[in-house]
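**Q** To start, I am sharing the structure in question, which I have written as structure tokens.
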Amino acid sequence: MQVVFESRDADGAQLRDLAVERVHFVMRRMTWLVPRAKVLLSDINGPRGGVDKRCKVELKTTHSGTV
């Protein structure tokens, strides 16, 4: 399975390895059905700081399209 990670936030880049590892772990039994996953990490408030991250996961399946 290919995992694509996108983040415009500097703190988000630090979480890349953890996010990719978790997606591989969670989807390990469905890799035959989901060839591609996209993880988008963004900051809700912008550069003001605080714990306010948004994580969006998009899965591309072989039969059902994008989920």
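Since every read-out is calculated from the coordinates, none of them should be taken as a lab result. Since this is a predicted model, take the numbers as computed values, not measurements. Note that each Cβ is placed from the backbone with ideal geometry, even for glycine, and that neighbours are counted across all protein chains shown.
**Q** Could you give every pair whose Cβ atoms fall below 6 Å, whose first residue belongs to region 24-45 and is within 24 Å of ASP11 (Cβ to Cβ), and whose second residue is surrounded by 12 or more Cβ atoms within 10 Å (Cβ to Cβ) and of a type outside the set (A, V, I, L, M, F, W, C), counting only separations of at least 6 or pairs across chains?
**A** What qualifies is LYS38/GLU58; LEU40/GLU6; LEU41/SER7; LEU41/GLY12; ASP43/ASP9.
**Q** With the condition kept exactly as written, say whether any residue in region 13-20 is closer than 18 Å to GLY65 by Cα and either aliphatic (A, V, I, L, M) or touching a residue at least 60 places away in the same chain (Cβ under 8 Å) (or both). Quick ask: steps written out before the conclusion?
**A** Taking region 13-20 as the starting set, the residues that turn out to be closer than 18 Å to GLY65 by Cα are none.
No; the residues of region 13-20 include none that is closer than 18 Å to GLY65 by Cα and either aliphatic (A, V, I, L, M) or touching a residue at least 60 places away in the same chain (Cβ under 8 Å) (or both).
**Q** Taking the criterion of being exposed (fewer than 10 other Cβ atoms within 10 Å of the Cβ) and assigned to a helix (DSSP H, G or I), would at least one residue in region 33-48 satisfy it?
**A** no
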